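What follows is a short report on a single structure.
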Amino acid sequence: MDSVSLDTYRLPTDTVPTHYDLKICTDLKDLTFDGAVSITIRFVNDTSTILLNAFELELGPSFVLIDGETITPTDQSLKTDTQRVALSFAKAFSAGSEAVVRMTFRGKISGLSGYFKSEWVHDGVMEYYTGTFFEPTYARRAFPCWDEPALKATFAVSLISRAGTVNLSNMPSYFEGPYNPEQDPLEPSFGTGKDAAEWIITRFETTPKMSTYILAFATGPFAHVEGSFTSALTGKVRQVRVYATPDLIGQAQFPLELTMKVLPMLETMFDMEYPLPKMDILCANGALGALESWGLIVGDPGAFLFDPATGSTATKKRVVDVTSHELAHQWFGNIVTMDWWDNLWLNEGFATLLGSIISEKLYPEWHTAAAAVNLSLKYGLNMDARLSSHPVQVACPDANRVEETMDGITYMKGASLLRMVSSLLGEEVFFKGVALYLKEHQYKNSVAEDLWIALSRTSGTDVGKLMKNWISKTGYPVLTVTEVPGGINVRQNRFLASGIAKAKDDETLWIVPLRLQKINAQRTILFSGREEFIPLDTEQPFKLNASSTGFYRVLYQTEKLNKLALEAAKGIISDMSGLMNDAMALAKADLAKLSAALTLMDGFAATEWYIVLEGIAANISALLDAWWENPNIVECLQRLDRHIFVPLVSKLGYHYDAGESTDTAAVRTLAIKRAAYARDRSVMAELQAQFSAFTANQEASPLRPDLTPVIYTVAVRHGGMKEYDFIWDILKTTKSPAEESHAAFAIGAAEDSVLMAETFGRLLKQNDSNVDWLLAALSANPKSRRPMVQFFKDNYDILQARFETCGFENYSQQPFRLLATVEDYEDTVAFFKTKDTSKFTRSVDQTLEAIQTNIKYLERSTTDISEWFVEWSARHP
């Protein structure tokens, strides 16, 4: 039997591609494309069948050219269930020989993946342009190919389009001119009706060897801003451009200058020159997120565009983080690519870590490394505290289910584990190992073990042994610290949001880098057993997990030990945040009292460190989400919010001084937001007054960018149809992607039932980005949360059809994850039983586990939190 049919999920390696000559003809008027591809292949084994990927394409006839002979297949069959096309031949091809497979195809431009369409309004008319989003398995929707990351090849791309459009691809163009079918036939049928004066062809240089998912091309009325960067290693100058539609290009200067700064920084960090002749970024509506296509990054405008005159600090931080993330992929992912999708975490975790590191280097005043404790680390720990979680290196034989693993474990836990390794080895040694890894595997594929080997060689530490269970096992430990004569006893058990894991789920022992913080000193112990004694003076302050770089939680068994840890953490932002986040998680898991966590948090409230205050705010929000249907506790939590943040508003005011510190400005923004959301009347009145002045004369009374989101939200939440319509008009007409998201979240915050009904009625008529934002906002709003659950149920089929390839697994979680009654759990189980959830089974399991955890949390802690607020209220009448 031919080996072609033996593997259900992976293509056979009897035949491998080495080069693609790809031509795509795009018609933006009827939103279709035609194409032809000539694929140079090498036969590894004797075979009479050529098997490759294709999906949702209309295929024309194919043939093979070998040794000057044209051979037509005896059968050409396209199977939609496996997304493969099989070419069968009467005679087997010999191993070692080379041939060219020639195929033609036709497809529709639509959806959020593959060769997708974007919309923009030009002179009041809706027009279209295209882009590509091929990760993980969507190149096959644009052209027949070997659509697996390890099957690398070179690509020569030619794009045919209507005159007046701009064509882009991974490499620079070397020719562009009128398209004459007679002189340059793509296929005879492609020339039909095409006037050379109306069509152009753009030919691009051949790419390096690379995977299909990072191929890119685009056609549209793009404008651009241009600059260059000088290689930090060779002095070579390379072109940098940011493309967008003409209405948005005015916001592209910041990402252009940012890219010009970051690329030479990355060259230095990796000790490897950027290999392509140019670096472009295309801002395309309809791309949910961003994709690191080599030399042509494609992403949503909100991920890259920033107007310094109107953009908020939060937007600027996001642009720096996302841009740095995607640029880091140009090396870590593109030059060296994971062998299969089970190692996706290595690409995404590393790029997420680099986004933080680059931000810290460019903007040290943001304290990005410390902020990671409240962001990637906290998110990863919370996601991984479930039985329904998965290892970062998760088995994924079926590439069509890769999207399900593109979650907080892959990105946030992955980044946190690499941060832990970097912290243990030292950043300089860590990057020496990364540079060695890149050099040894450039233009090839790799697995995590290859990185561990390189890091071990540069550090002298057996990193593979250290990291084995961290990447191959689900979960992480909680370290229980007990005082004993002469020191402390430390015990590790798997931590779950529902408590210590049962014995059957608590078999893993991790090698824990136990960084011990003492006053003005640190030391690291590699703790690998179930329990270990550590000699220590327990009369002096100490804290485990110094700087909160370890991916674990710490439970101090006595009040004395907690006080010693608190004393050791004083003045260290990351340690203060880590203690607070651990306390809240331990309380939810019933390993500590919630009242103790609240006391710790209340004690930290006197700080003026933004990151610590932001952590307090996030934890109060988590409690509001837990008790969202208990009005008494909601009011108590809002009183706590007002107690902490209203005095800061009174102290700092509403005016931003040009010379003030970034932290002061950030604290002001946070304080105003929290006070407003906690219904402080004076703050709400001020923001409503600013909104009224703005609506009366936008030029005379512009809003401060950092306050725009909260002002919009207060206006809609506490206003009526007049305010709602004003913000809706901004949503539909603004040219600022950031302002568009602010408007969407404000609309989703409406509490009036008439306004909520209006939003639900309009929701599915909006573009994909707005639907994404509105769904998130309506799920976050306690007043619309239950209506949102019903809306999701009623429109499940529509949402699944529209977002199946981009984010639907998240939508299956958003409305349900904060439900907290037995009835909710039973209803949710019953609902999903009627649906085909095979592509997002894990997401549904996580949703159901979250609801069960919420139920237990409220049962255990409602009395405790209520009693704490009685005592707290007595002290703060």
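Nothing in this text is a laboratory measurement; each read-out follows from the coordinates by a stated rule. This structure is a prediction, so every number in the text was calculated from the model and none was measured. Using ideal geometry, Cβ is built from the backbone for each residue, glycine included, and neighbour counts are taken over all protein chains shown.
Note: relative contact order over segment 70-123, using C-alpha pairs below 8 Å and six or more positions apart, is 20 percent. Relative to the longest principal axis of the Cα atoms of the chain, the long axis of helix 708-717 makes an angle of roughly 70 degrees.
Calculate, in whole percent, how much of the Cα-Cα pair population of segment 3-221 lies beyond 21 Å. Every Cα pair in segment 3-221 considered, those over 21 Å come to 54 percent. Is segment 190-323 rounded, prolate or oblate when judged by the Cα gyration tensor, a ≥ b ≥ c being the square roots of its eigenvalues, rounded requiring a/c under 1.5 and prolate requiring a/b larger than b/c? Because a/c hits 1.5 or more and a/b fails to exceed b/c, segment 190-323 counts as oblate. About its Cα centre, the chain has a charge dipole of approximately 1480 debye under the convention of +1 per Lys or Arg Cβ and -1 per Asp or Glu Cβ, with nothing else charged. With Cα atoms defining each centre, segment 779-818 and segment 64-111 are spaced 41 Å apart in the structure. Using a cutoff of 8 angstrom between alpha carbon atoms and counting only pairs six or more residues apart, the relative contact order for segment 331-472 works out to 33 percent. Residues Asp537, Asp339, arranged from fewest to most other Cβ atoms within 10 angstrom of their Cβ, appear as Asp537, Asp339. Using 17 Å as the cut-off for backbone N distance, which residues of segment 647-671 belong to the label zone defined by a point 7 Å from the Cα of Ala606 along Cα→Cβ? Of the residues in segment 647-671, 647-648 have backbone N under 17 Å from the label point off Ala606.
Compute log10 of I(q)/I(0) for segment 637-875 with the Debye formula, placing one identical point scatterer on every Cα and leaving out solvent, at q = 0.09 Å⁻¹, to two decimals. So the normalised log intensities are -0.48.
The Cα trace of segment 331-472 gives Rg and Dmax of 14.7, 44 Å, the first to one decimal, the second as a whole number.
For segment 44-157, the square roots a ≥ b ≥ c of the C-alpha gyration tensor eigenvalues yield an a/c of 1.5 or more together with a/b exceeding b/c, which makes the shape prolate. Using the alpha-carbon atoms, what tilt in degrees (0 to 90, nearest 10) does helix 573-588 show relative to the longest principal axis of the chain? Approximately 80 degrees, to the nearest 10.
Computed from phi, the 3J(HN,Hα) profile of segment 205-216 under the Karplus parametrisation 6.51, -1.76, 1.60 (θ = phi - 60°) reads 4, 6, 6, x, 5, 7, 7, 5, 5, 9, 6, 8 Hz, with x in place of Gly and Pro.
Evaluating 6.51 cos²θ - 1.76 cosθ + 1.60 at θ = phi - 60° for every residue in segment 230-242, the Karplus couplings come out as 9, 4, 6, 9, 10, x, 5, 9, 10, 6, 10, 9, 10 Hz, glycine and proline recorded as x.
Summary value for the chain: 8 percent relative contact order, contacts being C-alpha pairs under 8 angstrom separated by 6+ residues. For Lys29, the lysines whose Cα falls under 26 Å of its own Cα, not counting residues fewer than eight places away in the same chain, are Lys108, Lys117, Lys194, Lys732, Lys735, Lys765. Protection proxy ranking of 38-50, 291-303, by the mean of other Cβ atoms within 10 Å over each peptide's residues and highest first, is 291-303, 38-50.
When DSSP beta bridges are restricted to pairs lying wholly in the chain, around 80% turn out antiparallel. Farthest toward the positive end of the dipole of segment 3-221, out of Phe55, Ala163, Thr32, is the Cα of Phe55, where the dipole comes from beta carbon charges about the Cα centre.
Principal-axis analysis of the Cα atoms of the chain puts helix 427-441 at an angle of about 20° to the longest axis. Think of the chain as a dipole: +1 on every Lys or Arg Cβ, -1 on every Asp or Glu Cβ, centred on the Cα centre; then among Thr837, Ala497, Met788, Ala497 lies furthest on the positive end.
Relative to the Cα centre, the charge distribution of segment 3-221, modelled as +1 at Lys and Arg Cβ and -1 at Asp and Glu Cβ, gives a dipole magnitude of about 360 debye. Scalar couplings 3J(HN,Hα) for segment 468-484, obtained by applying the Karplus form with A = 6.51, B = -1.76, C = 1.60 to θ = phi - 60°, are 3, 6, 5, 9, 9, 10, 7, x, 6, x, 9, 9, 8, 10, 10, 7, 9 Hz; x denotes Gly and Pro.
Residue farthest toward the positive end of the dipole of segment 331-450, with Cβ of Lys/Arg at +1 and Asp/Glu at -1: which of Ala371, Gly433, Ile409? Going by the charge dipole, the pick is Ala371.
Assuming charge only on the beta carbon of Lys and Arg (+1) and of Asp and Glu (-1), the dipole of segment 477-588 about its Cα centre is about 200 debye to the nearest 20.
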